[in-house]
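Here the structure is laid out as structure tokens; the discussion comes afterwards.
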Amino acid sequence: MNSGAPGKLAVGKVKFFSQHRGEVNSSAFSPDGQRLLTASEDGWVYGWETQSIRLLWRLGGHTGPVKFCRFSPDGRLFASTSCDCTIRLWDAARAKCLRVLKGHKRSVETVSFSPDSRRLASGGWDKQVMLWEVQSGQMLRLLAGHQDSVQSSDFSPSADHLATGSWDSTLRIWDLRAGTPAIFYQELEGHRGNISCLCYSASGLLASGSWDKAVHIWKPMTNSLLVQLKGHMSWVKSIAFSPDELRLASAGYSRMVKVWDCTTGKCLDTLKGVLEVAHACTFTLDGKLLVSGAVDEVHCSTKPCRTP
């Protein structure tokens, strides 16, 4: 969707990526939108060229289902997490595993890179958040306090704070500045269900999606809830701000993707009926909305949506 005046979403293309041997658990676009990662229950990480649908790689190494995947902001690396309790860091150009990060005691469900791609945060079923140095693979901090599984994470634009969402229905914002204790955090309450996804905007607003079918937009600096977005029929799987921060896209664990006005909370448009489950949504720099998800248990699709 372009960053100009709001218009109706139009499905530009639907493409099918059909070589998975198990359910697709998550997917992620590269920063330039040219590549797509898919994490599969079959234990493999797949990389695709979005325009040609060409399979670039099928990467093994994990000894359990792959739960989550994400590119670094500079596009040079990507990370995958698994039920085998590890995070794998990969070189995106060579499709080579650089290192395996070990420390979690149960399945790792989320991973996020700092804006400069130098640090990595992970969380999972052991209720712990771990902060890593990407270059060395060294664990820098252990952040404990959530009362249930940590399912989502994102760094603030300044990288001074890390937001995490948990099945304890809370968001925590950890202060990562030098000299602050590892237990120092803010807690944002308001959701009535598990926190399933979150993301920062470029200016520092924080959006969160939940099993309560709602999306909240927060101003973390003041601990204030700015707007609640309601209208999904199922829990919210993925969210993304548009480059101008005027709109937010949200993908539900259903056939529905919505685009919202961040100021008024009004739903501008709804796209439904193309995907069985929408896994990930993201905006390109020119305002195009890319969505990926599952058509059935083994197929993954992407479609760019924009105003005519």
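The values are calculated or read from the model by the stated rules, or taken from the named source; none is laboratory data. Keep in mind it's a predicted model, so treat the numbers as computed, not measured. Using ideal geometry, Cβ is built from the backbone for each residue, glycine included, and neighbour counts are taken over all protein chains shown. Just the protein is used for accessible areas: all its heavy atoms, side chains included, with ligands, DNA and RNA removed. Shrake-Rupley method; radii C 1.70, N 1.55, O 1.52, S 1.80 Å.
Which residues, taken from segment 206-246, are open to solvent by 70 Å² or more (accessible area, probe 1.4 Å), over 19 Å from residue 170 (Cβ atoms) and either in a strand (DSSP E or B) or touching a Phe, Trp or Tyr at 6+ places or on another chain (Cβ under 6 Å) (or both)? Residue satisfying the conditions is 230 alone. Of the residues screened, residue 153 is one that is open to solvent by less than 50 Å² (accessible area, probe 1.4 Å), under 16 Å from residue 69 (Cα atoms) and in a strand (DSSP E or B). Flag: residue 45 matches the condition of being within 19 Å of the chain's Cα centre (by Cα), at pLDDT 85 or above, open to solvent by less than 30 Å² (accessible area, probe 1.4 Å) and of a type in the set (A, V, I, L, M, F, W, C). Within segment 81-97, being open to solvent by 20 Å² or more (accessible area, probe 1.4 Å) and of a type outside the set (Gly, Ala, Ser) holds for 83, 84, 85, 88, 91, 94, 96, 97.
Okay, residues lined up against (1) open to solvent by 30 Å² or more (accessible area, probe 1.4 Å); (2) farther than 16 Å from residue 45 by Cβ; (3) at pLDDT below 95:
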position	(1), (2), (3)
79	no, no, no
99	yes, no, no
105	yes, yes, no
111	no, no, no
118	yes, yes, no
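Using the structure shown, decide if residue 59 is open to solvent by less than 30 Å² (accessible area, probe 1.4 Å) and modelled with pLDDT under 85. Judged against the criteria, residue 59 is not a match.
Among residues of segment 122-141 that are within 21 Å of residue 97 (Cα to Cα) and part of a loop (DSSP other than H, G, I, E, B), those with a Cβ under 8 angstrom from a residue that is open to solvent by less than 30 Å² (accessible area, probe 1.4 Å) and among the hydroxyl-bearing types (Ser, Thr, Tyr), sequence gap 6+ or separate chain, pair up as 134/72; 134/117.
Based on what the data block shows, is residue 162 within 19 Å of residue 188 (Cα to Cα), open to solvent by less than 10 Å² (accessible area, probe 1.4 Å) and in contact (Cβ under 8 Å) with a residue 40 or more places away in the chain? Yes.
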